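J.: Have a look at the structure that comes next, please.
The values are calculated or read from the model by the stated rules, or taken from the named source; none is laboratory data. Bear in mind the structure is a predicted one, so any value in this text is a computation, not a measurement. A quick note on method: Cβ atoms are made from the backbone with ideal geometry, for glycine too, and the neighbour counts reach across all protein chains shown.
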Amino acid sequence: METNKKTMLSGIQPSGDLHLGNYLGAIKNWGGRSEDYDCFYFMADLHAITVRQNPADLRRRTLTQLATYIACGLDPEKNTLFIQSHVRQHAELGWVLNCYTMFGELSRMTQFKDKSRKNADNINGGLFTYPSLMAADILLYQPDFVPVGADQKQHVELCRNIVQRFNGVYGDVFKMPEFYSTKEGARVMCLTEPSNKMSKSAPEGCVFLLEKPEDIARKFKRAVTDSDTERCVRYAPEEKPGVSNLMNIYAAVTGKTMDEIEREFDGKGYGAFKPAVGDAVIELLRPIREETERILADKAYLESVYKNGAERAGYVAEKTLRKVYKKVGFIPR
Ligand code: TRP
């Protein structure tokens, strides 16, 4: 890999099946980044087990996610794609950074409070120290930017505090990473409750990337439109959140402007509009689904991708870890 490019890194937890919101909001834009950046993307399986996972589901999702990324245009030759647990330096640096992260800081994390509420029977130590592991994920690769959703900003800020604290004691060990907001893509809302973001937790309002065309068609036919009287396709996010969400999706998929869409469905009403959006999404997802299935069936290829990825990632990670071990006073073996 070239070294004069800036570096980007992001991790995705394989804790749910990917959906249209993930694709239009994020994944769609990733492929092009490798022109300008050295990109590292990993499946954050170490993070996923902070919430109880069914082992077979975790395995299936980890591999499916990897295959889907490739199918969506993330070229494994141009991006380092790997599985977090394959690069043991994450857990090792995670431990070290735990010792440079304050109880008070971790207590303030809103994701921890949130997940503690949702998993009240399993508030484990990993859930609490999750941000130190995330800081390790980041700092092992010395990235310039960390592209993540707004919900992860607080964790990146904590990582920056750790850098300051650690570098303050040991000199310039870590490069200071920057938060990079990933809201460049379309914000896709739930089809049944358009005031919420599309999410796997409301499956009837959520279109999964690998879903069958007939299921996608059904979900769009049943999508909530608004109880206004004009019944026309007009972009008005405040007044008509359901229709506007469908228009956003249609625009993102077809590249048409809102004006063009309004003209296309002028006088046609919702009965024609909803299935048209469904059809456009079905055609968008068809090649992604077919390609994902093809890649998943090619076990040897998939294995070669994650082995190569782990090797490339491990090489970079080991250099950082060795430096850190030396700085804190561990004896080299
Ligand atoms: N915490 C992130 C999330 O839930 C996933 C993640 C783990 C991550 N390690 C990371 C993201 C490092 C960016 C960098 O979405």
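J.: Between residues in the stretch 267-278 that are at pLDDT 95 or above and of a type in the set (A, V, I, L, M) and residues that are assigned to a helix (DSSP H, G or I) and surrounded by 12 or more Cβ atoms within 10 Å (Cβ to Cβ), which pairs lie under 7 Å by C-beta distance while being six or more apart or on different chains?
T.: Within 7 Å, the pairs are Val277/Phe220; Val277/Leu246; Val277/Ile249; Val277/Tyr250.
J.: Count, please, the residues in the stretch 45-104 that happen to be part of a loop (DSSP other than H, G, I, E, B), under 18 Å from the mean Cα position of the chain (by Cα) and of a type in the set (Asp, Glu).
T.: Matching residues across the stretch 45-104 total 1.
J.: Would a scan of the stretch 221-234 turn up a residue that is free of Cβ contacts under 8 Å to residues at least 12 places away in the same chain and either crowded, with 19+ Cβ neighbours inside 10 Å or within 25 Å of the chain's Cα centre (by Cα) (or both)? Spell out how you get there, then give the answer.
T.: Going through the stretch 221-234, the residues free of Cβ contacts under 8 Å to residues at least 12 places away in the same chain turn out to be 227, 229-230.
Among the residues that remain, those that are also either crowded, with 19+ Cβ neighbours inside 10 Å or within 25 Å of the chain's Cα centre (by Cα) (or both) are: none.
No; the residues of the stretch 221-234 include none that is free of Cβ contacts under 8 Å to residues at least 12 places away in the same chain and either crowded, with 19+ Cβ neighbours inside 10 Å or within 25 Å of the chain's Cα centre (by Cα) (or both).
J.: When the residues of the stretch 10-44 are narrowed to those that are among the aliphatic types (A, V, I, L, M) and within 11 Å of the chain's Cα centre (by Cα), which ends up farthest from Val253 (Cα to Cα)?
T.: Ala44
J.: What is the number of the single condition among (1) more than 16 Å from Ile216 (Cα to Cα); (2) surrounded by fewer than 16 Cβ atoms within 10 Å (Cβ to Cβ); (3) not charged (D, E, K, R) that Thr292 does not meet?
T.: Status for Thr292: all satisfied but (2).
J.: Consider only pairs whose beta carbons are under 9 Å apart and that are at least six residues apart or on different chains; among these, list those whose first residue lies in the stretch 129-155 and is within 15 Å of Phe103 (Cα to Cα) and whose second residue is hydroxyl-bearing (Ser, Thr, Tyr) and near the ligand (Cβ under 8 Å from one of its atoms).
T.: Partner pairs satisfying both residue conditions: His155/Tyr130.
J.: Restricting to the stretch 11-44, name every residue that is within 14 Å of the ligand (Cβ to nearest atom) and part of a loop (DSSP other than H, G, I, E, B).
T.: Gln13, Pro14, Ser15, Gly16, Leu18, Ala26, Trp30, Ala44
J.: Now, a different point. Name the residues in the stretch 164-183 that are within 16 Å of the ligand (Cβ to nearest atom) and surrounded by fewer than 21 Cβ atoms within 10 Å (Cβ to Cβ), would you?
T.: Lys175, Met176, Glu178, Phe179, Tyr180, Ser181, Thr182, Lys183
J.: Same structure, new question: Can you tell me which of (1) buried (at least 20 other Cβ atoms within 10 Å of the Cβ); (2) free of Cβ contacts under 8 Å to residues at least 60 places away in the same chain; (3) under 25 Å from Gln111 (Cβ atoms); (4) touching a Cys at 6+ places or on another chain (Cβ under 9 Å) is the one Asn196 doesn't meet?
T.: That leaves (1) as the condition not met.
J.: Let me ask something additional. Just to be sure, is Arg160 basic (Lys, Arg), within 14 Å of the ligand (Cβ to nearest atom) and modelled with pLDDT of 95 or more?
T.: Spelling it out, Arg160 is indeed basic (Lys, Arg), within 14 Å of the ligand (Cβ to nearest atom) and modelled with pLDDT of 95 or more.
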